[in-house]
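Trainee: Got a structure for you, questions after.
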Amino acid sequence: MRCLTESKLKKVLIVTDVNFWEKSSGHRMRISALITYLAQCVQLTVVSTGPAPANIEMLLGDDFKAEFFVLEKIKYLNSNGYGRRLKTFLKDKKFDTIIIEYIHSSYFLNFLVDDVKLILDAHDIISIRTDEFRRFNYAGALYEMPREAETEIFNVYDNVMILCQPDFDEVTAMLGPGKALLCPHPVQPRRHPAREEVKNIAFIASAYLPNRDAINWFIANCWPSISVKYNVQLSIYGTVCFGLDLHGQQQIACKGFVVDTDRIYEEADIVVNPVRFGAGLKIKNVEALAHGLPLVTTTHGARGIETGINTAFLVANEADDFVQSICAVIEGVKLRKRLNKNAHKFIKDNFSPEKCFEPLMQAINF
């Protein structure tokens, strides 16, 4: 890790409304990974809007080498309420860089001083997500934003962090060169050798709408052809389980949220992610590859990891192709072992914390 000496460490503030300590979804894992990395390289302070558990600052202080502060632990406030509390917190404090999590929290900029470097951790491009949701008849399901408005907000910041190459290219086209920072989600390779027989196919996801759409599509269009042919189980993990209608379905187990994700990957032989729309990098796919699990996803799911297609993982879009790919993995132990080996190399080459966050550190230390 390339960090400055302690006497020269920059002072960095992260402002977020995400309860990242719960780690029950990809975006929470992403923010947690960012905090973990920066806490070793800068003097880091993290301000959360809340609500939050009463002792959360002490607990987080034990887990990370950083200072934590919650603006309101009991109730929700409006943007002016949070903004005023942040302004009070910042009184007599000086930071070199302030990182705002998500574009919807840009209202905090109205309460900041001018002489500080501002970085937006955008995660996704909302105008692209807006178009994708509309394409699948989910207009209005989440907050929407036209490209022109998003570009205008992006331009307020010194830099905009993006998780995948296609989004990096989009932001560069919107803002010109030099402002976008390509900072994917880092993961560490873990060894889970391929077993001789496939017994468990896993889908791991939060209750985010594209995830619910994905697993419902898979169960309706793919699973009957797989379950009738093989003695395998589809295990569904995460908050996506809530509200799923599995009436009449065979060989499916909803296991809910599991704190120890290593246990999930120990149990799984294959990971599927039939996501059809959304935005950004699919963190669940990167994590599956880090564990060496054979992954079958869609072209959309491969966004930002396209260089690993057909070497580190498989891609299919139509139901018949999805079923055919999964059958090939179930029946081919050599294929599973090859995907296992290639997935680890792909992650090692592309998703180490140092490689993912180097552009951010360069911007902070510039």
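Just so you know, all these numbers are worked out from the coordinates, no wet-lab data involved. Everything numeric here is computed off the predicted structure, so don't read it as measured data. FYI the Cβ positions are ideal-geometry reconstructions off the backbone, even for glycines, and counts take in every protein chain you see.
Trainee: Can you give the calculated 222 nm mean residue ellipticity of the chain, where each DSSP H run of n ≥ 4 adds -39,500 (n - 2.57) and the sum is split over every residue, rounded to the nearest 500 deg cm²/dmol?
Mentor: On the way: 13 runs with 139 residues, N = 366.
Computed mean residue ellipticity for the chain: -11500 deg cm²/dmol.
Trainee: Beyond 28 Å, what percent of the Cα pairs of the chain remain? Could you put the intermediate results ahead of the total?
Mentor: Details: 30854 of 66795 pairs.
Across the chain, Cα pairs with separations above 28 Å total 46 percent.
Trainee: Which residues' amide hydrogens lie under 5 Å from the amide hydrogen of residue 202, considering only partners 5 or more residues apart or on another chain, with H built in the peptide plane?
Mentor: 235, 269, 270, 271, 272
Trainee: Sticking with this one: In the chain, with Lys and Arg counted as +1 and Asp and Glu as -1 at Cβ, which of these residues, 322, 58, 130, has the Cα nearest the positive end of the dipole, that is, farthest along it?
Mentor: The residue sitting farthest along the positive end of the dipole is 58.
Trainee: Working out 0.36 nm times the residue gap between residue 348 and residue 175, then minus their Cα-Cα distance, what length gain in nm do you get to one decimal?
Mentor: Values: separation 173, 0.36 × 173 = 62.28 nm, distance 3.07 nm.
Separation in residues times 0.36 nm, less the Cα-Cα distance, equals 59.2 nm.
Trainee: Label residue 67 and residue 229 with points 7 Å out from Cα along Cα→Cβ: what is the distance between them in nm?
Mentor: 6.0 nm
Trainee: Same structure, new question: Counting just the Cα atoms, what span does segment 44-141 cover along each of its three principal axes? Round to the nearest Å and put the largest first.
Mentor: Projected onto the principal axes, the Cα atoms of segment 44-141 cover 47, 33, 27 Å.
Trainee: Taking the Cβ of residue 209 as the center, what net charge do the other residues with Cβ under 12 Å away carry, scoring Lys and Arg +1 and Asp and Glu -1? Could the numbers behind the result be given before it?
Mentor: On the way: positive: 129, 212, 276; negative: 132, 213.
Counting the neighbours of residue 209, the net charge comes to +1.
Trainee: Which far-off residues, 5 or more places away or on another chain, put their amide H under 5 Å from the one on residue 14, with H placed in the peptide plane?
Mentor: Amide H neighbours of residue 14: 45, 46, 47, 99.
Trainee: Return the equivalent ellipsoid semi-axes of segment 164-219 as a descending list in whole Å, where each equals the square root of 5 times an eigenvalue of the C-alpha gyration tensor.
Mentor: Each semi-axis is the square root of five times an eigenvalue, giving 34, 20, 9 Å.
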